[in-house]
Every structure is written in C-alpha cells, then in structure tokens.
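The values are calculated or read from the model by the stated rules, or taken from the named source; none is laboratory data. Quick caveat, the model's predicted, so the values are computed rather than measured. Neighbour counts run over all protein chains shown; Cβ positions are idealised from the backbone, glycine included.
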Amino acid sequence: MSQTPGLRDRASAAGVDLARLPRHIAVIMDGNGRWAQGHGFQRLQGHYEGYRTLKEVLLGASDLGIEYLTVYGFSVENWRRPEDEVGGLWKLIEQAARTELRGLVENNVRARVAGRIDEVPEPTRGALLELIDSTRGNTGIVFTLAINYGGRAEIVDAVRRLIHEGTPAEDVTEEAIAARLYCPDIPEPDLMVRTAGEMRWSNFLLWQAAYCELYVTEATWPQFGEDELIRAVLAYQRRDRKFGMTLEQTKAV
Ligand code: IPE
Ligand code: IPE
Ligand code: MG
C-alpha cells in the first residue's frame, strides 16, 4: 500500500534544508473576504474557510519542525468593520477555541495570545483563556494568536508599563521595551508570510519584524496550504540575512 510521505520528506524533496528552518513564522492571514466574494459567498464564509486553512497550516508547521507560529487573527483596526462581521469573527474564534482544544492538547501544541486581551468580548475571551490554560504544559510548537492586536498598541502598552514601574529615562533601552511586549519570551519572527498579495504590514509585529524576511503570495488565505508553506520556507532559505553587516561578514559567522 502506498504511503503519503510526511511533510518533512515532502519539504526535503522540494529542496528545503531541514537544518535551516525558520524558527518562528508569523502570518498575516489575508484575503478571506476576497476569496468569499470570488465564490459568491458572504464574507463570514471566507473566515470559516480561513479557519480550516489555519488548522492545516498549524499542524503542517508542527510536523515540519517549526518552533513558533504566530498568526494575525484580529487587529485593533478590525473593529472598524461592519458589526455583523465583527460579531461573526468573535463567534468563530470562540467556537474554534472550544472545538480545537482537545486536538491541540493531543498534538502537543502550546496556545498563546498576544494583544489587548482584556478588551476581547466574552465568551470569546474565556474560551481563549481556557485553551491557553489547557495547553500550558505542552512542549511542541508554540502557537500564538494575535487578537485585538496592534503593533503600535503593543509598544504603547510596553512604554506604559515602563512608566508605571518608574523606570528612569536612561534605563529605557531596546531590551527594556522588548522585555515588556506581550510575549517577551518568544523569539522574533524569522519569516513573515502575507497572503492575498498586499505589500504592507497592517500594524503587525512592528517591533519584532525589524529584521524578519517578508514573503508575500498572491494566494488568498483560504487557498493557502502545506505546499504554499513549503514554498514560503524555500523562498526564506534563498535569502541572505545580513542584519546590517556585509555579506562577507555574515558568511564568516
Ligand atoms: C483577513 O481576511 C481576515 C481578517 C482580517 C480577520 P480579510 O477579511 O481581510 O479579507 P479581504 O482582505 O477583505 O479579502
Ligand atoms: C490584517 O488584515 C489583519 C488580519 C489579518 C487579522 P487587514 O485586511 O485588516 O489589513 P488591511 O486593512 O488590508 O491593511
Ligand atoms: Mg484584508
């Protein structure tokens, strides 16, 4: 009987160097609305399809050996959308958190959130906190859902904390700010994927993305999948990350 090769085998066959995987991948999951429109569906149907994609990509990233996956689920600017879409998104996130809890525990996924969580409406907030609690002891891929998240808001919140702590001006360093972001223990992303072709950050991980590699695909998020993930990793591995140095210097490290 023929066996479907595992994702690591498939990635390797496609040319991926498994010893040089990005440690942390961040994703701007965009294009759900356009996908729905293109199929004559309501926008919310696109978000449901996006949820299906997210499941596939999370398990794929885990199989591949990615340590951290951070996805943009709801931005602080997304509150500006029509009320029924916003309400539908919160409902979908709540349902997904409840439905996936057992599977994430079994797959050793550790769930986290990043954002202004206190402002996430109940019962979505409760469902997310339960998911975080239930997966706290897991040791596999760290999956962070950026929710009610804004990169500027995150920096503002970090600075507020510094001020509350009475930090003197000379102690306000990059390290001090980084230590007060929402998930200070998570390394900065190496690769940022954006679907649906837009060449912008839309306020995602502004601080942490300073030196991550950007990969934009025309595929909408519902069209994205394991093969697209492999393509993104391949593109990443063709880049020269220089961190301000010359190419010769980085090769010498
Ligand atoms: C991204 O898809 C999902 C969220 C913002 C929650 P969009 O809903 O932004 O899709 P487009 O950009 O309208 O196609
Ligand atoms: C970014 O997508 C937010 C999420 C993916 C959750 P948007 O669709 O909101 O971004 P803009 O408005 O096109 O910049
Ligand atoms: Mg969009």
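Cβ contacts < 7 Å: first residue without any contact (Cβ under 8 Å) to a residue 60 or more places away in the chain, restricted to the stretch 71-95; second residue among the aromatic types (Phe, Trp, Tyr), any location; separation 6+ or different chain. Result?
Note: pairs meeting the criteria are VAL86/TRP79; LEU89/PHE74; LEU92/TYR48; LEU92/TYR51.
Filter the stretch 193-221 for residues that are within 17 Å of GLY31 (Cβ to Cβ), of a type in the set (Gly, Ala, Ser) and more than 10 Å from ligand 2 (Cβ to nearest atom) and give the result.
Scanning the stretch 193-221 gives GLY197, ALA219.
Would you confirm whether or not the stretch 55-64 contains a residue that is within 20 Å of ILE186 (Cα to Cα), crowded, with 19+ Cβ neighbours inside 10 Å, within 16 Å of ligand 2 (Cβ to nearest atom) and within 17 Å of the chain's Cα centre (by Cα)?
yes
Restricting attention to the stretch 53-83, and to residues there that are in a loop (DSSP other than H, G, I, E, B) and of a type outside the set (Asp, Glu), which single residue is farthest from ligand 3 (Cβ to nearest atom)? Don't jump to the end; show me each part of the working.
Of the residues in the stretch 53-83, the ones in a loop (DSSP other than H, G, I, E, B) are 65-67, 81-82.
Subsequent filtering for residues that are of a type outside the set (Asp, Glu) retains 65-66, 81-82.
Details: GLY65: 30, ILE66: 24, ARG81: 10, PRO82: 14 Å.
Looking at residues that are in a loop (DSSP other than H, G, I, E, B) and of a type outside the set (Asp, Glu), I get GLY65.
Scan the stretch 96-145 residue by residue and report those that are touching a Gly at 6+ places or on another chain (Cβ under 7 Å) and touching a residue at least 60 places away in the same chain (Cβ under 8 Å).
LEU145
What is the one condition in (1) more than 15 Å from the chain's Cα centre (by Cα); (2) within 12 Å of ligand 1 (Cβ to nearest atom) that ARG194 does not satisfy?
Here ARG194 meets the rest and fails (1).
Does the stretch 219-228 contain at least one residue that is surrounded by fewer than 18 Cβ atoms within 10 Å (Cβ to Cβ) and farther than 30 Å from GLY6 by Cα?
Checking the stretch 219-228: not a single residue is surrounded by fewer than 18 Cβ atoms within 10 Å (Cβ to Cβ) and farther than 30 Å from GLY6 by Cα.
Find all pairs meeting these conditions: Cβ atoms under 9 angstrom apart; at least six residues apart or on different chains; first residue within the stretch 41-56 and within 18 Å of LEU7 (Cα to Cα); second residue in a helix (DSSP H, G or I) and charged (D, E, K, R).
Partner pairs satisfying both residue conditions: LYS55/GLU100; GLU56/GLU226.
Results for (1) in a helix (DSSP H, G or I); (2) more than 16 Å from THR195 (Cα to Cα); (3) at pLDDT 95 or above, shown as yes or no for each residue.
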residue	(1), (2), (3)
VAL16	no, yes, yes
VAL27	no, no, yes
ALA36	yes, no, yes
TYR51	yes, no, yes
GLU85	yes, yes, yes
GLY88	yes, yes, yes
LEU101	yes, yes, yes
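Going through the stretch 225-253 one residue at a time, which ones are within 22 Å of ILE186 (Cβ to Cβ) and either outside any loop (DSSP other than H, G, I, E, B) or within 16 Å of ligand 3 (Cβ to nearest atom) (or both)? First the steps, then the outcome.
First pass over the stretch 225-253, keeping only residues within 22 Å of ILE186 (Cβ to Cβ): 229, 232-233, 236-237, 239, 241, 243.
Those that are within 22 Å of ILE186 (Cβ to Cβ) and either outside any loop (DSSP other than H, G, I, E, B) or within 16 Å of ligand 3 (Cβ to nearest atom) (or both): LEU229, ALA232, VAL233, TYR236, GLN237.
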